[in-house]
Amino acid sequence: MTPLATVASGPRTRLFACFLRLGTQQVSPLQLHTGTSLAAKNHYEVLVLGGGSGGVTMAARMKRRVGAENVAIVEPSERHFYQPIWTLVGAGIKQLSSSGRPTASVIPSGVEWIKARVVDLDPDKNCIHTDNGKEISYRYLIVALGIQLDYEKIKGLPEGFDHPKIGSNYSFKTVEKTWKALQDFKEGNAIFTFPNTPIKCAGAPQKIMYLSEAYFRKTGKRSKANIIFNTSLGAIFGVKKYADALQEIIRERNLTVNYKQNLIEVRADKQEAVFENLDKPGETQVISYEMLHVTPPMSPPDVLKTSPVADAVGWVDVDKDTLQHKRYPNVFGIGDCTNLPTSKTAAAIAAQSGILDRTISLVMKNQTPTKKYDGYTSCPLVTGYNRVILAEFDYSAQPLETFPFDQSKERLSMYLMKANMMPFLYWNMMLRGYWGGPAFLRKLFHLGMS
């Protein structure tokens, strides 16, 4: 492996190199959670809905604000996953087992874990209801319910995953099927899709395409593979600087990109995918495949769609600057379930968590929130087995880069950060409420250049 020193050197990168070394260390998960469902109360100062990235992070932050005994998380799942690593699992780089830990191990100590599913929100009465018939009231509510995968909206799925040659990096149930399909590829079309809905990690559908192309080259199958990216969008990426870089890669590697093409059916028994032309509704095309990677349609969780906290489409309706709900001042939202007009990523959640922490602290003091979220989000675009373009941008789709070099270039250092440093930051800093994004690094590097 090329030493980091040959990739980036100089005084401004020493801190970055230190983080990379930390990221390669194997840190054991700590059993943080000590509460039991038997001790659960029916009222909390802060109630968090959802035990994913945003929920656990905010629970850790709120514990420091009001005390662990006054905070609870409602979450039914027994395991917590670091989902960004699934791109690398689907390409055979990482093991699926490395992406998950018991939920009990990531919930902050003393914070109550209510192991149930939310079935109703009643913000007018400051309470919620769970699927085990429990009513829980709160003083402040943080909604962090994530996004819902709707595989069933594609005819032939999810049952089609029982067949070979098809996978999806968006579910722990199907991500290893992507790697199996990649290994079993012989000759023909390798198709990658992007649905006609908002999704989380919008770069992931094309990341696996670049990794698959690299795998085919490595295994001598590239000449037998026709690689197709069928996307419902009208552009390869929403930020021009990075879109231009990706277009160059697409041209150099002879990849086919078809825009405004939406997957509507999978005939897994025949290895056929059916696409609708969004520019000509009703016009469809059937394409045979030797490998198919499906990015499913996504939507707000069903419990939110008809909730008073939702906007007309179903997302939690929050102020884009403060993350405070637009109608209920003691309700807040974070992450994929909100209508924040930025890309839905774990990096965005990290940045949002620091802003939301400050917002809630001021609301608790009957003060007006002042700190504003700028829409920061990040997408490490994996373009090969050792290269990443690190896209960082804001609400206005303008680059908001951290490092003192052109991040639209493919780099080994950025790949190492994606594969090693980011998981370390996630498990050991973000989920414990100590990582609010790279803003301080950005200031540090830019000060060093002045």
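Observations
- Set Arg442, Arg387, Arg358: member being in contact (Cβ under 8 Å) with a residue 40 or more places away in the chain and open to solvent by 30 Å² or more (accessible area, probe 1.4 Å): Arg442
So that you can scan it fast, the table gives a plain yes or no per residue for (1) in contact with a helix residue (DSSP H, G or I) (Cβ under 9 Å, 6 or more places away or on another chain); (2) of a type in the set (Lys, Arg); (3) buried (at least 23 other Cβ atoms within 10 Å of the Cβ):
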position	(1), (2), (3)
His129	no, no, no
Gly133	no, no, no
Asp150	no, no, no
Lys153	no, yes, no
Pro164	yes, no, no
Gly167	yes, no, yes
Glu187	yes, no, no
Ala202	no, no, no
Ile208	yes, no, yes
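- The number of residues in region 337-354 that are out of contact with any helix residue (DSSP H, G or I) (no Cβ under 7 Å at 6 or more places or on another chain) and farther than 15 Å from Tyr395 by Cα comes to 1.
- Single unsatisfied condition, Ile349 versus (1) farther than 13 Å from Gly146 by Cα; (2) open to solvent by 10 Å² or more (accessible area, probe 1.4 Å); (3) β-branched (Val, Ile, Thr): (1)
- Residue count for region 226-237, restricted to those that are out of contact with any helix residue (DSSP H, G or I) (no Cβ under 8 Å at 6 or more places or on another chain), surrounded by fewer than 17 Cβ atoms within 10 Å (Cβ to Cβ) and over 19 Å from Glu213 (Cβ atoms): 1.
- Scanning region 283-303 for residues that are open to solvent by less than 60 Å² (accessible area, probe 1.4 Å) and either out of contact with any Lys or Arg (no Cβ under 8 Å at 6 or more places or on another chain) or not acidic (Asp, Glu) (or both) yields a count of 14.
- Strands (runs of 3 or more DSSP E) (entirely within region 42-100) containing at least 2 residues that are buried (at least 23 other Cβ atoms within 10 Å of the Cβ), touching a residue at least 12 places away in the same chain (Cβ under 8 Å) and in contact with a helix residue (DSSP H, G or I) (Cβ under 6 Å, 6 or more places away or on another chain): 43-49, 71-74
- Each residue in region 212-229 was checked for being in contact (Cβ under 8 Å) with a residue 40 or more places away in the chain and either part of a loop (DSSP other than H, G, I, E, B) or among the polar types (S, T, N, Q) (or both), and 1 of them qualify.
The values are calculated or read from the model by the stated rules, or taken from the named source; none is laboratory data. Predicted, not measured: the structure shown is a model, and the values here were computed from it. Please note: Cβ atoms are built from the backbone with ideal geometry, for glycine as well, and neighbour counts cover all protein chains shown. Surface accessibility is based on the protein's heavy atoms, side chains included, excluding ligands, DNA and RNA. Shrake-Rupley method; radii C 1.70, N 1.55, O 1.52, S 1.80 Å.
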